[in-house]
1. Give the lysines reachable from Lys153 as a straight Cα distance under 29 Å; neighbours fewer than 8 places away on the same chain don't count.
2. How far is the Cα center of the stretch 112-140 from the Cα center of the stretch 58-99, in Å?
3. Along the principal axes of its C-alpha atoms, what lengths does the chain span, in descending order and rounded to whole Å?
4. Within 10 Å, count the other beta carbons around each residue, average over each peptide in 153-161, 46-54, 103-111, 70-78, and list them highest first.
5. Would you please give the residues with an amide H less than 5 Å from that of Asn104, counting only those at least 5 places away or on a separate chain, with H modeled from the backbone geometry?
6. In whole Hz, what ³J(HN,Hα) sequence does the stretch 63-75 give by Karplus (6.51, -1.76, 1.60; θ = phi - 60°), x for Gly and Pro?
7. Please order His9, His166 by the number of other Cβ within 10 Å, starting at the fewest.
8. Assuming 0.36 nm per residue, please report the length gained on full extension of the stretch Glu74 to Ser146 beyond their Cα-Cα distance.
Amino acid sequence: MSKVLYIDHEKCTGCRLCELVCAVSHDGISNPARSRIRVMKWEQEGLYIPMSCNQCQDAPCMNVCPVKAISRNESLGTTEIDYDKCIGCRSCVAVCPFGAMSYNTIDRKVFKCDFCDGDPQCVRFCDMKAVDYVDPDNVSIDKKRSAAERISKAAKEASVLVAQAH
């Protein structure tokens, strides 16, 4: 079974180390604009959300590519770009619903997360463990557990308020 990037934005501190590590790992340059993962920041709210390619099963980028330069690597569960076929039309950039596909104006190439061929460097270097590389089933279990904890906490708080009102 292929793995997925699991991003827990509640753990993200906004340090952006994942962006730098990604850019260095792929392009040998410490430039966040070259990163395949981007941390969206809402400074006022103190909210930081790492965003990356979701490797969609029915990938719009793959479907829109006029020269079929994007294909699925079933063993890794990723969509991959064949640069020998890519004509740089950027249709994939325009159609991605998550904004995860980017275009490098210097190299004149589109790029996106490729899970670092099964060893995502953003995961390796995230001290807060806001980014993880896990089996998809574990994501579902973790999200259910987290939702159950939030509901339980809210129910306890509500019962305390009801008790105080009486």
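All of the numbers you see were taken from the coordinates with simple rules; none came from a lab. All of these numbers come straight from a predicted model, not from anything done at the bench. When we count neighbours, we look across all protein chains shown, and the Cβ atoms used for this are built from the backbone with ideal geometry, even at glycine.
1. Lys11, Lys41, Lys129, Lys143, Lys144
2. First find each Cα centre; the distance between them is then 21 Å.
3. 72, 31, 27
4. With the highest mean Cβ count within 10 Å placed first, the list reads 46-54, 70-78, 103-111, 153-161.
5. Those lying under 5 Å, H to H, from Asn104 are Lys109, Val110, Phe111.
6. For the stretch 63-75, the Karplus curve yields 5, 8, 4, x, 10, 6, 7, 10, 9, 9, 9, 5, 5 Hz.
7. Starting with the residue having the fewest Cβ neighbours, the order is His166, His9.
8. Separation in residues times 0.36 nm, less the Cα-Cα distance, equals 22.9 nm.
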